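*Asks:* Encoded as structure tokens, here's the structure I'll be asking about.
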Amino acid sequence: MMLSGDEDEEKWLAEGIAGVQHNAFYMHRALDSNNLREALKYSAQMLSELRTSKLSPHKYYELYMRAFDELRKLEMFFKDESRHGVSIIDLYELVQHAGNILPRLYLLCTVGSVYIKSKEAPAKEVLKDLVEMCRGVQHPIRGLFLRSYLAQVSRDKLPDIGSEYERDAETVMDAVEFVLQNFTEMNKLWVRMQHQGPGRVREKREKERNELRDLVGKNLHVLSQIEGVDLEMYKENVLPRVLEQVVNCKDELAQYYLMDCIIQVFPDEYHLQTLETLLGACPQLQPTVDIKTVLSRLMDRLSNYAVSSADVLPEFLQVEAFAKLSNAIGKVIDAQVDMPIVGAISLYVSLLTFTLRVHPDRLDYVDQVLGACVKKLSSAPKLEDSRATKQVVALLSAPLDKYNDILMDHLDDGTNKVMAMVIIQSIMKNSTCISTAEKVEVLFELIKGLIKDLDGAAQDELDEEDFKEEQNSVARLIHMLYNDDSEEMLKIICTVRKHIMTGGPKRLPFTVPPLVFSALRLVRQLQNQDGDVAGEEEPATPKKIFQLLNQTIETLLYVPSPEMALRLYLQCAEAANDCDLEPVAYEFFTQAFMLYEEEIADSKAQVTAIHLIIGTLQRISVFGIENRDTLTHKATGYSARLLKKPDQCRAVYACSHLFWVDDQDGIKDGERVLLCLKRALRIANAAQQMANVARGSSGPVVLFVEILNKYLYFFEKGNTQITASAIQSLIELITSEMQSESTTLDPADNAFFASTKRYIEFQKKKGGAMGEKYDPINV
Amino acid sequence: MNYLIGAFKPACNISITFADGKNRKQVILKLMWLCLRTSIFACCMKSVKVLILICNVHSADGDECVAICVYTKVPLKKENGQTIMVPLFQSQENISGKISIEPVLGKKVEHNGVKIELLGQIEMYFDRGNFYDFTSLVRELDVPGEIYERKTYPFEFSTVEMPYETYNGVNVRLRYVLKVTVSRGYGGSVVEYQDFVVRNYTPPPSINNSIKMEVGIEDCLHIEFEYNKSKYHLKDVIIGKIYFLLVRIKIKNMDLEIRRRESTGSGANTHVETETLAKFELMDGAPVRGESIPIRLFLSPYELTPTHRNINNKFSVKYYLNLVLVDEEDRRYFKQQEITIYRLQENS
């Protein structure tokens, strides 16, 4: 049976562990009886288990740790010369008799550590010997673990300043030399792993390498812990040597990790004083290295350092940190041609954050950064990456954390707007959903140029077309702000409202509607949620939203844009209806009616408005009889008072629908329907007469035809008040009107009537209940 | 049955006892003896290699006194596989001592003379039983006569020339032996042998160049290796390094072997036997171009002998360092270099 790779590995690991344990058992026996020869024999056999090539780094580590624990016991034994009777110098030779290199070197490192402790030889000499001898293991994984063992056992024995192994001032350098060399060798092994074995398992190998990276990085950590590594030494020796290795290894994974490591393990002060060297290495890295993250982290660290104490600020100025960083970023962007735009922008974000924190007073720096960024963006194709978009947002929002408005003022108006448009467009393009009030806040701060008039902006230069386009974009943007969570959504709405309210009369007609609809969407959403949301603090209730809406729409009155306001009121009323909130709906209608009465003077607008009112009112079911009566009465009243007779007529017959809702529970007041229709007929008649008198020709017959259609509608719907005879007479009336000489016949009217008649014929012929009903009518 | 056994028993027991050949040493030891009578015995118990004998010798002025004869004993592997401890000498030393002959149970021993020979022999295993004596010294100890009771004969070979070292090889053996013969006309002569070992010490060579060489397979593998010396003593350390100039094969590991090449006979009859005495792993895994791998090989754990060149036209023993690279397909690439091994005076 074939075992899968993992099972195989488990098996091999188990065998390895068994081997270690078996030999460790005999080693313990030898240790207990102080038998050096046997102890060496069994420890070497135990260590031979580490010669395996079958284990992944993860499993190998497990095996290594077992052996590691056992070696501690052996080390204790070696330390006590009275137990084995061999001087440490002889012991150092003795373990080198082992034929296999791996066990030999593990034993050598173990004895070496005791040797240093005994101080019979300078730590420097022993360390140098050990690190040299370890070259014999060239297998990446085995070599890495061996050297990591060396690093481990030597850590507390480095001839550091103040350490007991220090002999003179020179020895610190020896300690550094030792760690650097071990680091270099380990890194070489680590990098080499990438190029060994078949190519198809590349991904797996990268994963494995990642698991091993801390073994390499540990050396840098050790370096940073050496007391003797002062700034001078770091600058002159440590950093150049480490960077040399990083650059020369030409390995993406290693370069990224090690750069990051350097930044994390050494003190901020060192970084600041060696910025040039450190940054100088960046453009030399492989093009695929995620240098932006590295630099971002560096800048983050430095800016944290800067704010940690006011005393360090002069240092920043002295080393011209900003200029260096800015320069380096420019170089990196130039060097890494393939860097996605998101990378470039995020670099600028970091730089900006850095300068904002470190040099809050240097607005020109901010200007530089943004300028560079705009330049980069303008030369690039449109942003297609949502991450890039986010970075743009971050870039522009960064200064806002610091100064809020100062900064945007700093940019000229044009740039400001361009930036804002870029942001919005990219959000649109990527359908990026902005889902928290905070982000919305930031976003609106950014696109402020579009939201409101900026101080001193030259209003007259505005191009109307551009303005409309901008505002439409804003309107579209508002629809992109969405969160499933109603609480958060309400917050978003409030935030948006807050901002757009500042927009002034020219913008509000563009921006209020999307806001209202956005809010109404939330209302519907709430309605779909079953039960009350038992929020402790001001749950988002429809009522609350309606209040907000009411206030919002009111602002349109002063714009003024009454038609828009009216439409929105009606929309709200309908939504309130759906929520079963009669008083709210009533209030909205009241508002709408008041608007109608007070603000809408244009007759055409009135016509449109009245039809909207009627249409909305018709659909509303929430009102009680009294309220409904009041409203319908008002509506019919308005209808009858329209200026032009045909408009009156049409409005009035439309009102008939207010009394007949074709629903199960809908109101069905046939009598008042008939009244409306009769009234409409009267008006149509009057219109006809007026036409005759005024122009000497008959008015449009089409009104009659239209009324006929209404009759037919209600007739079919079973309004008993509408009789076949009434229809019959209306048909005749129309026929005669059409035949009268004075009538100027509109072919369209004729066709309309003809098709109406055809419809009646059709219904008659269809038979059934409807056919019977139509039967009495003769066309 | 006793009489039967008695019939095959030699007529007498011969024992050979060595005395240290150097008077100077004896005098010093005489003084030591007087001072450290007790502690030396403690020393005896402890040391395996050093045997302290107390015997009667005649000093230069004829007075009989107590002296201590000290010589080193070293292990020697016998033909039957047993290892015995035998005395150790070097060339130009005096080999002296005494022989005592004790007749069995008071019988008298008639003989045609008693002699002691010091023989240096080379024995080829393919020519078993035939010894070639390259050294043969004889001392007549007694004229024909009869021995009635235990009789002791002192003997001495002064400044004996023993140019070759004792050697136990695969096909050849070089040994030194003391042979005491009690010649008898009938019943056969009584012969007793006593082996001893000869080791000769060499001063450090005045010229001892390093071995440095670049080898390779074209476009495949180029290495440069260096051993710090070409002549090593038996307890020496080989220090060196291997530098990889070009690596296009997947190397699995690299070993350094010590090989002993023993050639016996001459001309058409030459037999060559090669043994690998040490196999020491130098490198694990595949190096890349530019890597340099250190060598440090201690010779002391291995049973080496000095290099023997053309010993009496009979045999040679040469040593080689063999650098072996093994690739992932287990192909071996190697380069062999001769090194000279010599014996350096210890404690000097």
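The values are calculated or read from the model by the stated rules, or taken from the named source; none is laboratory data. Worth saying up front: this structure is predicted, and the values here are computed from it rather than measured. So basically every Cβ, Gly included, is an ideal-geometry build from the backbone, and we count neighbours across all protein chains shown. Please note that ligands, DNA and RNA were not included when accessible areas were found on the heavy atoms of the full protein model with its side chains. Shrake-Rupley method; radii C 1.70, N 1.55, O 1.52, S 1.80 Å.
*Asks:* For region A:1-121, what % of the accessible area comes from carbon and sulfur atoms, probe 1.4 Å?
*Replies:* Of the solvent-accessible surface of region A:1-121, carbon and sulfur hold 50 percent.
*Asks:* Cross-link partners among aspartates and glutamates for residue A:634, C-alpha distance below 15 Å, same-chain residues fewer than 8 apart left out?
*Replies:* Excluding near neighbours in sequence, the set is A:587, A:597, A:598, A:626.
*Asks:* Ok, one more. Which whole number gives the average, over all residues in A:135-143, of C-beta atoms from other chains lying within 10 Å of the residue C-beta?
*Replies:* 6
*Asks:* Using a 1.4 Å probe on the protein chains only, how many percent of the accessible area of region A:122-266 belongs to carbon and sulfur?
*Replies:* After summing per-atom areas, the C and S share lands at 45 percent.
*Asks:* Okay, next question. If you project the alpha carbons of region B:248-293 onto the principal axes, what extent comes out on each, in Å, largest first?
*Replies:* 46, 21, 15
*Asks:* Still on this structure, I have one more. What is the average number of partner chain Cβ atoms found within 10 Å of a Cβ in B:271-282?
*Replies:* Neighbouring Cβ atoms belonging to other protein chains average 2 per residue here.
*Asks:* Also, I was wondering about something else. Specify the angular offset, from 0 to 90 degrees and rounded to the nearest 10, of the alpha carbon long axis of helix A:582-598 from the longest principal axis of the alpha carbons in chain A.
*Replies:* 60 degrees
*Asks:* Moving to a separate point now. Rounded to the nearest 100 Å², what is the buried accessible area between A and B, both sides summed, probe 1.4 Å?
*Replies:* 1700 Å²
*Asks:* Now for a separate question. Considering only the other residues whose Cβ falls under 12 Å of the Cβ of residue A:302, what net charge follows from Lys and Arg at +1 and Asp and Glu at -1?
*Replies:* Local charge sum for residue A:302: 0.
*Asks:* I've got another one for you. Cα-Cα over 28 Å: which of B:77/B:179; A:204/A:439; B:151/B:179; A:324/A:439?
*Replies:* With Cα atoms farther than 28 Å apart: A:204/A:439; A:324/A:439.
*Asks:* So, one more: What shape does region A:575-699 have by the C-alpha gyration tensor, where a ≥ b ≥ c are the square roots of the eigenvalues, rounded means a/c under 1.5, and otherwise prolate means a/b greater than b/c and oblate the rest?
*Replies:* Oblate is the answer for region A:575-699, as a/c is 1.5 or above yet b/c matches or exceeds a/b.
*Asks:* Go from 0 up to the bin containing the longest alpha carbon distance in region A:644-778, width 10 Å each, and give me the % of pairs per bin.
*Replies:* 12, 40, 35, 11, 1
*Asks:* Distance check, please: which entries in A:678/A:765; A:188/A:331; A:188/A:218 exceed 18 angstrom between their Cα atoms?
*Replies:* In this structure, A:678/A:765; A:188/A:331 exceed 18 Å between Cα atoms.
*Asks:* Angle between the Cα long axis of helix A:239-249 and the longest principal axis of chain A, 0 to 90 degrees, nearest 10?
*Replies:* Approximately 70 degrees, to the nearest ten.
*Asks:* Sequence-distant or interchain residues sharing an amide H contact under 5 Å with residue B:189, placed H: which?
*Replies:* Excluding prolines and chain starts, which carry no amide H, the hits are B:184.
*Asks:* Ok, one more. Of all the accessible heavy-atom surface of region A:644-778, with the other protein chains kept in place and a 1.4 Å probe, what percent is carbon and sulfur?
*Replies:* Answer for region A:644-778 is 51 percent, counting heavy atoms of protein chains only.
*Asks:* Cα axis of helix A:252-265 to longest principal axis of chain A: angle in degrees, 0 to 90, nearest 10?
*Replies:* With rounding to tens, the tilt is 80 degrees.
*Asks:* Could I ask something else about it? Report the dimensions of the protein assembly as shown along its three principal axes from the alpha-carbon atoms, largest first, rounded to Å.
*Replies:* Taking max minus min along each principal axis of the Cα atoms, the protein assembly as shown gives 189, 76, 58 Å.
*Asks:* May I ask you to evaluate 6.51 cos²θ - 1.76 cosθ + 1.60, the Karplus curve with θ = phi - 60°, for each residue of region A:766-777 and list the ³J(HN,Hα) values in order in whole Hz, giving x for glycine and proline?
*Replies:* These are the phi-based 3J(HN,Hα) values: 5, x, x, 4, 5, x, 4, 4, 7, 3, x, 7 Hz.
*Asks:* Can you pick out the pairs among B:279/B:318; A:292/A:498; A:452/A:543; A:506/A:604 whose Cα atoms lie more than 25 Å from each other?
*Replies:* Cα-Cα > 25 Å for A:292/A:498; A:452/A:543; rest within.
*Asks:* So who's got an amide H within less than 5 Å of the one on residue B:96, skipping anything under 5 residues away but keeping other chains? H placed 1.01 Å off N, in plane.
*Replies:* B:19, B:21, B:157
*Asks:* Given a Förster radius of 41 Å and the C-beta distance between residue B:326 and residue A:155 as r, what FRET efficiency does 1/(1 + (r/R0)^6) yield to the nearest 0.05?
*Replies:* 0.75
*Asks:* Additional query: Contact order normalised by length for region B:98-140, with contacts defined as Cα pairs under 8 Å and 6 or more residues apart; what percent is it?
*Replies:* 36 percent
*Asks:* To continue, here is another question. With contacts defined as alpha carbon pairs under 8 Å and 6 or more residues apart, what's the relative contact order of chain A in percent?
*Replies:* Averaging sequence separation for qualifying contacts and normalising by length gives 5 percent for chain A.
*Asks:* Still on this structure, I have one more. Take every Cα-Cα distance within region A:122-266, group them into 5 Å bins from 0 onward, and report for each bin the whole-number percent of pairs it holds.
*Replies:* 2, 10, 20, 22, 20, 13, 7, 3, 2, 1, 0
*Asks:* For region A:122-266, what does the relative contact order come out to in percent, with C-alpha contacts under 8 Å and a separation of six or more?
*Replies:* Relative contact order here is 26 percent.
*Asks:* With 5 Å bins from zero, work out the P(r) of region A:1-121 over every alpha carbon pair and list the percent per bin.
*Replies:* 2, 12, 22, 21, 17, 11, 7, 4, 2, 1, 0, 0
*Asks:* At 1.4 Å probe size, what's the solvent-accessible area of residue A:633? Round to the nearest 10 Å².
*Replies:* 120 Å²
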